[in-house]
Amino acid sequence: MAGRLEGKVAIITGAGCVGPGWGNGRAECVRFAEEGASIFAVDMSPEPMAETLERVAVVGGEIETHLCDVTNKAQVDAMVEACITRFGRVDILINNVGGSARGGPVEMDEET
Ligand SMILES: NC(=O)c1ccc[n+]([C@@H]2O[C@H](COP(=O)([O-])OP(=O)(O)OC[C@H]3O[C@@H](n4cnc5c(N)ncnc54)[C@H](O)[C@@H]3O)[C@@H](O)[C@H]2O)c1
């Protein structure tokens, strides 16, 4: 049976993991690849993406890695361009990189 994401291209940010084993981003890369998506894996550092590459290879998935700090707009614009250059399209965006700060949308300043 064909995977549910056959022919789709997914940008997944935070595709590495801060420690060994599984993080959300790494798991999403592998699971989406299992369903047939082409993965454009994005992280700000190359080291944690090596294990993600290995794990996607184990399931026979297609993956391209790209370095980008997603807090930098120019780098995010370049990320999208690089994905389109490599795969010709973007179907799915997983904005996985996150962080925590106290307060709600009303109390937080715009930069946060
Ligand atoms: N793993 C969990 O069980 C869990 C549960 C609830 C919430 N979260 C939150 O979800 C988010 C993602 O989780 P995860 O497990 O994939 O995270 P993680 O902490 O394992 O990090 C994933 C990757 O994000 C990269 N990264 C960090 N800042 C970046 C930036 N500015 N630009 C590009 N890459 C960057 C890191 O280099 C790392 O390889 C985090 O905010 C985390 O707090 C995770």
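Kindly establish whether G7 is within 15 Å of the ligand (Cβ to nearest atom) and at positive phi.
no
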| query | Based on what the data block shows, is F40 away from the ligand (no atom under 11 Å from the Cβ), in contact (Cβ under 8 Å) with a residue 24 or more places away in the chain and in a strand (DSSP E or B)? | reply | yes
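Take the residues in segment 47-58 that are of a type in the set (A, V, I, L, M, F, W, C) and surrounded by 14 or more Cβ atoms within 10 Å (Cβ to Cβ); name whichever of them is nearest to E34 (Cα to Cα).
Across segment 47-58, the extreme among qualifying residues is V56.
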| Residues of segment 54-75 being within 15 Å of the ligand (Cβ to nearest atom), over 12 Å from the mean Cα position of the chain (by Cα) and modelled with pLDDT of 95 or more, which ones? | E54, R55, V56, A74, Q75
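Listed here are the residues, each with its yes/no results for (1) within 16 Å of G98 (Cα to Cα); (2) surrounded by fewer than 19 Cβ atoms within 10 Å (Cβ to Cβ).
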site: R4; (1), (2): no, yes
site: I11; (1), (2): yes, no
site: P20; (1), (2): no, yes
site: E28; (1), (2): yes, no
site: F32; (1), (2): no, no
| task | Working carefully through the options T85, T65, find the one that is β-branched (V, I, T) and surrounded by fewer than 11 Cβ atoms within 10 Å (Cβ to Cβ). | result | T85
| request: Collect the residues in segment 57-97 that are basic (K, R) and touching a residue at least 24 places away in the same chain (Cβ under 8 Å), keeping them in residue-number order. | output: R86, R89
| said: Show the residue pairs meeting these rules: Cβ distance below 6 Å; 6+ apart or different chains; first residue within segment 17-35 and outside any helix (DSSP H, G or I); second residue more than 8 Å from the ligand (Cβ to nearest atom) and among the basic types (K, R). | reply: E35/R4
| request: Give segment 76-112 a look and list any residue that's within 15 Å of T13 (Cβ to Cβ), within 14 Å of the ligand (Cβ to nearest atom) and in a loop (DSSP other than H, G, I, E, B), or say none. | output: N95, N96, V97, G98, G99
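The values are calculated or read from the model by the stated rules, or taken from the named source; none is laboratory data. Computed from a predicted structure; not experimentally measured. Cβ sites come from the backbone with ideal geometry, for glycine too, and all protein chains shown count toward neighbours.
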